[in-house]
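Working notes, structure below.
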Amino acid sequence: MAAQESEHMQLIHRWLAGEVVNGVVGIKVVGGPFHGRTKIVQLGSDGAPPAQLRTSGGRAGPDHHICSAVRSPAAPAGWIYSHVGIDPTPTD
């Protein structure tokens with residue numbers, strides 16, 4: 001079991017470092033209540049992450065926040081998610 005945990009943690013560290021593994025990568029969030037966090041996302045067939053993320057929870061409270069993917073040559077993954085603002089769409 002320890003070997004599986006170790007392999008799993010190695011994979012997560014690779015994603016967090018911005019390495020694309022099996023079409024998945026970690027992308028930093030910039031701005032807003034999720035600033036500094038990393039979202040693990042599946043890249044599309046064009047190599048781009050989902051254009052928008054909708055996030056909520058934690059210190060951000062019950063509001064849903066929108067983040068947009070932006071190219072960033074300075075970021076390890078080549079992309080960041082930039083906080084746009086609170087999603088005005090009512091939640092269910």
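The values are calculated or read from the model by the stated rules, or taken from the named source; none is laboratory data. The structure presented is a predicted model; accordingly, all values stated were derived computationally and were not measured. Note: ideal-geometry Cβ built from the backbone for every residue, glycine included; neighbour counts use all protein chains shown. Accessible surface areas use protein heavy atoms only, side chains included; no ligands, DNA or RNA. Shrake-Rupley method; radii C 1.70, N 1.55, O 1.52, S 1.80 Å.
When the stretch 24-63 is examined, which residues are found to be buried (at least 17 other Cβ atoms within 10 Å of the Cβ) and more than 13 Å from the chain's Cα centre (by Cα)?
Those that are buried (at least 17 other Cβ atoms within 10 Å of the Cβ) and more than 13 Å from the chain's Cα centre (by Cα): G32, P33.
Taking G18, is it modelled with pLDDT of 95 or more, touching a strand residue (DSSP E or B) at 6+ places or on another chain (Cβ under 9 Å) and among the small types (G, A, S)? Walk me through how you get there before you give the answer.
Working: modelled with pLDDT of 95 or more: no; touching a strand residue (DSSP E or B) at 6+ places or on another chain (Cβ under 9 Å): yes; among the small types (G, A, S): yes.
The answer is no for G18.
Just to be sure I understand, how many residues within the stretch 7-23 are of a type outside the set (A, V, I, L, M, F, W, C) and buried (at least 16 other Cβ atoms within 10 Å of the Cβ)?
First, pick out the residues of the stretch 7-23 that are of a type outside the set (A, V, I, L, M, F, W, C): 7-8, 10, 13-14, 18-19, 22-23.
Within this subset, residues satisfying the condition of being buried (at least 16 other Cβ atoms within 10 Å of the Cβ) are 18.
So the answer is 1.
I'd like the full set of residues that are open to solvent by 30 Å² or more (accessible area, probe 1.4 Å) and modelled with pLDDT under 85, limited to the stretch 65-92.
Answer for the stretch 65-92, where residues must be open to solvent by 30 Å² or more (accessible area, probe 1.4 Å) and modelled with pLDDT under 85: P88, T89, P90, T91, D92.
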